[in-house]
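The structure under discussion appears below in the form of structure tokens.
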Amino acid sequence: MSQEIKNDRVYTKDHEWAKDEGDAIVIGITAYAVEQLGDITLVNLDVAEGDTIEAGKPFGTVESVKTLADLFAPISGTVVRVNKATLEERPELVNDDCYGGAWMVAIAPTDRSVLGGLLDAAAYAKLLEDSH
């Protein structure tokens, strides 16, 4: 599996991605995170629509055959969509489609400008390169 990095979103040092879709910022985990975790066997999202979420705070966990990892919110705001039904029924989708169908939550941001402080695709690629 290649460590695919998409140019249409920004990234965190914790290997989450954030994509601005106009009404909300959609959050998921990166291909690198999936590769490091191994086969994802369980996704637990601890938030519901209408909840307020704070940047840097955990909003759920992903469990793999190797480990359990927290999911951290890259931005603060109100949760407007949660991909709970899909991910609870098919957590393995994260392994196959981490940038698409396996998104985690969508957040209406308190301050959209915070996205500018996250890593663009080139900076995220460099972070991965430097960590090897």
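No lab work stands behind these numbers, since they all come straight from the coordinates. Values in this document were obtained by computation on a predicted structure and should not be read as measured data. Don't worry about glycine lacking a Cβ; one is built from the backbone with ideal geometry, like all the others, and counts go over all protein chains shown.
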Please find, within the range 106-132, the residue that is surrounded by the most Cβ atoms within 10 Å (Cβ to Cβ) out of those that are touching a strand residue (DSSP E or B) at 6+ places or on another chain (Cβ under 6 Å) and of a type in the set (Ser, Thr, Tyr). Tyr124
When you scan the range 24-73, how many residues do you find that are among the acidic types (Asp, Glu) and touching a helix residue (DSSP H, G or I) at 6+ places or on another chain (Cβ under 8 Å)? 1
Within the range 1-27, can you find the residues that are among the hydroxyl-bearing types (Ser, Thr, Tyr) and within 21 Å of Val82 (Cα to Cα)? Tyr11, Thr12
Which of the residues spanning the range 104-121 are farther than 23 Å from Asp51 by Cα, part of a helix (DSSP H, G or I) and hydrophobic (A, V, I, L, M, F, W, C)? Ala121
Filter the range 6-25 down to the residues that are touching a strand residue (DSSP E or B) at 6+ places or on another chain (Cβ under 9 Å) and either under 15 Å from Ser113 (Cα atoms) or of a type in the set (Ser, Thr, Tyr) (or both) and list them by number. Arg9, Val10, Tyr11, Thr12, Ala18, Lys19, Asp20, Glu21, Asp23, Ala24, Ile25
Would you list the helices (runs of 4 or more DSSP H) that sit entirely within the range 1-103 and hold 1 or more residues that are crowded, with 17+ Cβ neighbours inside 10 Å, in contact (Cβ under 8 Å) with a residue 60 or more places away in the chain and among the hydrophobic types (A, V, I, L, M, F, W, C)? 31-37, 93-96
Can you say whether Gly60 is touching a Lys or Arg at 6+ places or on another chain (Cβ under 6 Å) and over 17 Å from Leu118 (Cα atoms), as far as the supplied structure shows? no
